[in-house]
Amino acid sequence: MLSRFRGKEEPYPPTGVREDAVRLPQSAHEQDEKPHHHVHLPGFNHNGHKITKGIHPDGESGRGGVHPWHFIRICFRSTSHLSLVVNVLWPFVPAAIAIHFARPDLHLWIFILNYIAMVPTANLVGFAGQELARKLPKVLGLILETFLGGIVEIVLFMVLLHNSVNTSLIPVIRAAILGSILANLLLCLGFCFFVGGLRKKEQEFDEVISEVGNGQLLMAGFGLLIPSAFYSSLRGSIEDAVLEANVLHISRTTSVILLVAFLMQGTLTPMHTHHGLYADSLEKDEERDVDRHLDLAKDKLTFTECIVALLIALTCVSLHAVFLVEEIEFIVNEHGVSDAFMGLILVPLVEKAAEHLTAVDEAWDNQMNFALAHCMGATIQTALFNSSLVVIVGWGLHKPMDLNFEIFNIVVLIMAIIVVGNFLRDQKSNYLEAIASWYYPNPTLETTNTAEGGGIASNGTVP
């Protein structure tokens with residue numbers, strides 16, 4: 001998730017310290033008086049905290065180690081009022097873990113409680129990632145936070161893949177990939193346009209964020225289209241077994257290419273080619289932030305506390321993901337929930353809840369560059385990295401995870417990318433674009449590009 005890196009790179013004078021007390025010699029005469037000595041003054045941030053070497057001023061906490069009371073208070077406060085409300089759900093975390101072991105027969109309640117518990121734990125992953133990213137240079141921190149924001153999704157994909165028997169959960173993974181992309185690209189972005197418009201009639205953002213992100217999305221969309229188009233064009237012409245083997249081979253090759261493209265464009269481009277442009281765009285948002293002074297004054301986690309928070313959150317997320325996935329077969333078979341609905345709607349909503357809250361809060365604060373980078377960055381990571389990673393891991397586990405999406409779904413995805421790209425071309429957002437994003441059609445809940453029916457039969461196998 002993309003944090004709001006506020007402030008400048010230069011150190012701040014400590015609060016309450018006289019300016020002349022830290023003044024460097026100004027005149028040539030003064031400099032000649034001490035020709036062999038250089039004055040090395042400590043740097044201080046906006047709160048008067050001495051800056052630790054290698055820590056960005058905005059991320060300096062003024063503390064070290066772990067302080068339990070400060071740790072709990074800062075984590076509970078989180079990034080915004082919306083995130084604070086989400087933290088009220090933390091009592092569901094021990095309840096969800098306990099019911100899994102105490103009453104394994106209550107499948108529906110185990111699913112519900114672990115589904116709810118995923119939200120506050122994912123929120124903590126995002127907050128700890130944001131606090132850690134504040135301590136790094138802007139662009140590097142942005143990349144780190146985007147990656148940490150996708151950790152919950154990666155964990156869910158890996159657990160689904162591991163628990164898949166005879167390809168039983170592969171349709172859910174494919175649907176979850178599309179659902180996650182569309183949730184970020186349409187739902188989250190539409191909410192950002194809408195919420196931002198409540199305070200300001202029209203919001204502006206920079207071309208470097210929208211154009212570079214849209215180009216990467218188009219590349220990802222067409223890459224994901226290749227296996228589906230190949231399958232649709234040759235279906236009925238050759239034997240199904242041969243066709244499916246070829247599609248699997250194409251999916252794996254495509255995944256390797258998309259993964260390399262993500263590493264090249266998703267990390268090297270912002271860090272080197274466009275570093276200055278990205279930094280300038282983010283600094284503009286810092287200046288437009290309507291409550292920047294309040295965010296600067298907030299207490300921060302220490303570096304050690306960030307690591308502890310991430311370890312706690314990732315442990316809980318992994319447990320909830322395992323318990324949740326174990327109940328999917330029961331929910332599908334006993335309650336008539338389709339694979340597509342599970343993947344397109346339920347899984348993306350819980351794995352992306354924290355990221356969406358952060359992006360909407362940034363739009364509310366008139367930081368559309370951050371909000372847009374948040375939505376686009378998460379979408380690009382899912383389309384290029386997460387989808388490729390799950391195929392490659394499936395390859396290593398000898399599981400036939402491929403990118404053979406239903407052709408209509410993947411066409412809708414590409415259309416969504418093109419339409420959103422047109423929205424962003426004028427570098428402005430308004431209510432009309434929010435409404436268009438909200439009502440843009442989601443994929444059909446039926447899958448016809450896979451085996452007939454595409455779901456889990458009553459005996460747990462694919463028809």
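Rounded to the nearest Hz, the phi-derived 3J(HN,Hα) couplings of region 371-377 under the Karplus curve 6.51 cos²θ - 1.76 cosθ + 1.60 (θ = phi - 60°) are 4, 5, 5, 5, 5, 5, x, where x marks glycine and proline. Here the 3J(HN,Hα) profile of region 333-342, calculated from phi with Karplus coefficients 6.51, -1.76 and 1.60 at θ = phi - 60°, is 6, 8, 10, x, 7, 6, 4, 5, 5, 4 Hz, Gly and Pro shown as x. Each Lys or Arg adds one and each Asp or Glu subtracts one; over the other residues with Cβ under 14 Å from the Cβ of PHE147, this totals -3. Scoring 354-367, 305-318 by mean Cβ neighbours within 10 Å over their residues and listing the highest first yields 354-367, 305-318. Using the Stokes-Einstein relation with a Kirkwood hydrodynamic radius computed over Cα pairs, the translational diffusion coefficient of region 104-190 at 10 °C and a viscosity of 1.306 mPa s comes to 106 µm²/s. Listed peptides 149-159, 106-116 appear in the order 149-159, 106-116 once ranked by packing, highest mean of other Cβ atoms within 10 Å at the front. Summing Lys, Arg as +1 and Asp, Glu as -1, what charge do residues with Cβ under 15 Å from the Cβ of GLU327 carry, GLU327 excluded? Neighbour charge sum, excluding GLU327 itself: -4. What the phi angles of region 171-177 give under the Karplus curve with 6.51, -1.76 and 1.60, with θ = phi - 60°, is a coupling list of x, 5, 5, 4, 5, 5, 4 Hz, glycine and proline written as x. Going from the fewest other Cβ atoms within 10 Å to the most, the residues VAL195, VAL165 appear in the order VAL165, VAL195. A simple packing score, the average count of other Cβ atoms within 10 Å per residue, orders the peptides 168-178, 220-230 as 168-178, 220-230, with the highest score first.
Near GLN203, the amide H atoms lying under 5 Å from its own belong to SER429; only residues 5 or more places off or on other chains count, and H is placed 1.01 Å from N. Placing dummy labels 7 Å off each Cα toward the beta-carbon, the span from ARG199 to LEU397 is 4.2 nm.
Extension gain, ALA245 to ILE72: 0.36 nm times the residue separation minus the Cα-Cα distance gives 57.1 nm. The distance linking region 169-232 with region 95-131 is 27 Å (Cα centroid to Cα centroid, whole angstrom).
No lab work stands behind these numbers, since they all come straight from the coordinates. Note that the structure is a prediction, hence the values are computed from the model and not measured. We place every Cβ from the backbone using ideal geometry, glycine too, and count neighbours over all the protein chains shown.
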